[in-house]
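Engineer: Below is one structure. I have some questions about it.
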Amino acid sequence: MKRILLTLALSTGFFSVAQISSAGEWLGNNDLKGNPYILASDEHMELTKQSIAAYNESDVEKELSFYSDEMVERTKEFSTNWHSELKKVTNEPWAMIPVQIKGSERVHMLVWSSESREWNNGSTQKLNLMEVFMFDKDKKIDGFAQWRSYDSKNEFGLPAGGKFYGKKDNEHTGKKLVFSNRGEVEAIESLIENYNKMDGAACQEFFAEDAVFDTYDGQRIEMTDGFFDSYFVNFESIKWKAYGIVPLKIENTDPESGVLVTATEKRVSKDGTIWEKEMVEQFYFNLDGKIQYVEQWVRDKNK
């Protein structure tokens with residue numbers, strides 16, 4: 001009797017399993033907005049595998065053969081230069097899903113992988129990747145996007161590193177440092193440009209009203225309004241040339257930052273005296289993006 005009931009249930013669909021043919025939603029602002037995703041042909045996966053194999057072989061021409069003409073034009077120079085700098089590269093996909101937005105001919109090939117790189121200069125790098133290979137209706141790759149996560153033992157490219165100690169132990173002692181990107185580099189470059197022009201008003205704009213400058217020879221200067229005008233009046237010419245600008249902040253703290261600037265400077269006074277040195281300076285930017293404090297170290301310029 002039980003066998004008869006089970007047979008009837010299966011034949012009538014009582015124990016049916018729902019078939020999912022689409023899922024998700026495209027939220028882009030175009031005529032496909034609101035459409036779900038559907039699975040695409042595995043043919044795109046095979047083409048992607050072949051493209052990655054060519055990439056691992058550093059066979060640029062073969063790799064580009066999977067691209068549309070427009071994509072080749074955009075990426076050929078970059079790809080050629082990229083592979084010329086690499087001794088070896090190995091990309092190993094561990095998940096691949098071909099999808100497309102319902103109503104669209106374009107296919108998005110989603111690929112998760114691990115990649116190791118060894119440069120000709122001896123540097124090495126390991127990272128995890130999430131990539132999207134975009135295929136046009138002719139099954140050619142015409143777009144590409146990449147997101148990366150670095151191995152914690154990577155030699156370079158980590159989002160945070162180093163360690164902050166502070167002149168005295170404080171709540172931030174032991175935290176890592178990260179690059180800051182609030183326009184500090186551009187500010188220092190503009191400051192140098194206006195400093196060399198001896199434009200006092202323009203230089204003053206980069207500093208907070210109560211900014212302080214501790215010079216290499218032990219002086220503490222309050223950089224109040226008009227400081228630069230009174231300073232430049234003593235010189236015939238000034239040449240400040242940076243060879244390094246490094247903006248840093250302490251990880252997981254407010255946006256205040258410190259910018260390490262290595263440079264040379266030559267000052268020609270109106271009496272003919274010449275001052276020429278190599279310098280290391282720290283510029284501290286406050287919450288408003290103004291330079292609040294500067295400290296300076298100097299040595300005689302190497303001949």
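Engineer: Restricting the search to the stretch 142-166, which residues are over 19 Å from D254 (Cβ atoms) and part of a loop (DSSP other than H, G, I, E, B)?
Structural biologist: Residues satisfying the conditions are D151, S152, K153, N154, E155, F156, G157, L158.
Engineer: Here is a further query. Examine the stretch 131-139 for a residue that is acidic (D, E) and within 18 Å of the chain's Cα centre (by Cα), and state whether such a residue exists.
Structural biologist: The answer is yes, given that some residue of the stretch 131-139 is acidic (D, E) and within 18 Å of the chain's Cα centre (by Cα).
Engineer: Determine, yes or no, whether N196 is among the polar types (S, T, N, Q) and either over 20 Å from the mean Cα position of the chain (by Cα) or surrounded by 16 or more Cβ atoms within 10 Å (Cβ to Cβ) (or both). It would help to see each step written out before you state the result.
Structural biologist: Numbers: among the polar types (S, T, N, Q): yes; either over 20 Å from the mean Cα position of the chain (by Cα) or surrounded by 16 or more Cβ atoms within 10 Å (Cβ to Cβ) (or both): yes.
It is true that N196 is among the polar types (S, T, N, Q) and either over 20 Å from the mean Cα position of the chain (by Cα) or surrounded by 16 or more Cβ atoms within 10 Å (Cβ to Cβ) (or both).
Engineer: Which pairs turn up if I take residues in the stretch 42-61 that are in the same structural domain as S116 (by TED's automatic domain parsing) and look for partners that are of a type in the set (F, W, Y) and in a loop (DSSP other than H, G, I, E, B) with beta carbon separation below 7 Å, at least 6 apart in sequence or on another chain?
Structural biologist: If the second residue must be of a type in the set (F, W, Y) and in a loop (DSSP other than H, G, I, E, B), the pairs left are L47/F66; Q50/F66; S51/F66.
Engineer: For the stretch 100-143, name all the residues that are touching a residue at least 24 places away in the same chain (Cβ under 8 Å) and among the hydrophobic types (A, V, I, L, M, F, W, C).
Structural biologist: I101, V107, M109, V111, W119, L127, L129, V132, F133, M134, F135, I141
Engineer: Next question, about the same structure. Find all pairs meeting these conditions: Cβ atoms under 9 angstrom apart; at least six residues apart or on different chains; first residue within the stretch 262-290 and at positive phi; second residue outside any strand (DSSP E or B).
Structural biologist: G289/R182; G289/G183; G289/E184; G289/A187; G289/P255
Engineer: To continue, here is another question. Search the stretch 273-296 for residues being part of a loop (DSSP other than H, G, I, E, B) and among the polar types (S, T, N, Q), and hand back the single one that is farthest from S190 (Cα to Cα).
Structural biologist: Only one residue fits best here, namely T273.
Engineer: Any residue in the stretch 162-177 that is among the charged types (D, E, K, R), surrounded by fewer than 14 Cβ atoms within 10 Å (Cβ to Cβ) and assigned by TED's automatic domain parsing to the domain that holds Y293?
Structural biologist: For the stretch 162-177, residues among the charged types (D, E, K, R), surrounded by fewer than 14 Cβ atoms within 10 Å (Cβ to Cβ) and assigned by TED's automatic domain parsing to the domain that holds Y293: absent.
Engineer: How do the pairs read when you match residues in the stretch 239-256 that are over 21 Å from W275 (Cβ atoms) with residues anywhere that are small (G, A, S) and part of a loop (DSSP other than H, G, I, E, B), using Cβ under 7 Å and keeping only pairs 6 or more apart or on different chains?
Structural biologist: P247/S180; L248/S180; K249/S180; E251/A160
Engineer: Here's something else I'd like to know. Considering the stretch 210-244 alone, what residues qualify as being within 21 Å of D288 (Cβ to Cβ) and either among the aliphatic types (A, V, I, L, M) or touching a Ser or Thr at 6+ places or on another chain (Cβ under 7 Å) (or both)?
Structural biologist: A211, V212, I221, M223
Engineer: Looking only at the stretch 176-209, count how many residues are touching a Ser or Thr at 6+ places or on another chain (Cβ under 9 Å) and aliphatic (A, V, I, L, M).
Structural biologist: Total meeting the criteria: 2.
Engineer: If you go through the stretch 239-292, how many residues are β-branched (V, I, T), buried (at least 16 other Cβ atoms within 10 Å of the Cβ) and in contact with a Gly (Cβ under 8 Å, 6 or more places away or on another chain)?
Structural biologist: Adding up the residues that qualify gives 1.
The values are calculated or read from the model by the stated rules, or taken from the named source; none is laboratory data. Bear in mind the structure is a predicted one, so any value in this text is a computation, not a measurement. Every residue, glycine as well, gets a Cβ built from its backbone with ideal geometry; the counts of neighbours run over all protein chains shown.
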